[in-house]
Amino acid sequence: MLILRPELPGDEAAIFNVNQEAFGQPVEGELVDALRRADALSLSLVAEQDGQIVAHLAFSPAAVESPSGDYAALSLAPVAVLPPWQNQGIGGRLIREALLQLAARGVEGMVVLGHPDYYPRFGFVAASSLGLRWEGKYPDEAFMALEFRPGFFASRGGLVRFHPAFDRFVE
């Protein structure tokens, strides 16, 4: 039975492993560790099957610099599923659970840098369509946003700044 739960003390090595195996490199695991050290994991969930962590996702703070005043949002990254468990809907279940929890907390908007064919199923749209921009070197369609409160981004727009822990990992 698959259990979705918050990250607990002692999960760190398993979470690092999930990210490393899912992405084939240590970068995403190192990012999660850096966010944890900075006390910047706004939400960190795992999927556990028979006592083994098989998937993980993290949200961290993002700042938006806007002409009408700076404001806060969240950033989704990374989402990782161990290769043998991929394509079974586990990542989607984690994302849906996280979105429910964040909506209940009153979070109004979030951004993600990810695959433009995957995240729209959860309500994400091109961030540029909401007046958001980012100075990274990725295609516009890969930078997406989700508003829980209509107009949260669109009424203000602005330049998104990910948590400083991202600086050494994202160009």
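Every read-out reported here was derived from the displayed coordinates using simple, explicitly stated rules and does not represent laboratory data. Keep in mind the model is a prediction, meaning the values are calculated, not measured. All Cβ positions, glycine included, derive from the backbone under ideal geometry; neighbour counts span all protein chains shown.
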Any chance you could give the angle, 0 to 90 degrees and rounded to 10, that helix 12-23 forms with the longest Cα principal axis of the chain? 70 degrees
Would you give the gap between the C-alpha center of the stretch 108-171 and the C-alpha center of the stretch 70-86, rounded to a whole Å? 12 Å
Using a/c under 1.5 as the rounded threshold, could you call the chain rounded, prolate or oblate? The axes a ≥ b ≥ c are square roots of the C-alpha gyration tensor eigenvalues, and prolate needs a/b larger than b/c, oblate otherwise. prolate
Let a ≥ b ≥ c be the square roots of the eigenvalues of the Cα gyration tensor of the stretch 1-51; is it rounded (a/c under 1.5), or, if not, prolate (a/b larger than b/c) or oblate? oblate
0 to 90° range, to nearest 10: angle between helix 90-105 axis and the chain longest Cα axis: 50 degrees
In the stretch 65-150, the trypsin sites (Lys or Arg not before Pro) that fall in loop regions by DSSP, at most 10 other Cβ within 10 Å: K137
What's the angle, to the nearest 10 degrees (0 to 90), between helix 27-37's Cα axis and the longest principal axis of the chain? 80 degrees
Percentage relative contact order, the chain, counting C-alpha pairs under 8 Å, at least six apart: 21 percent
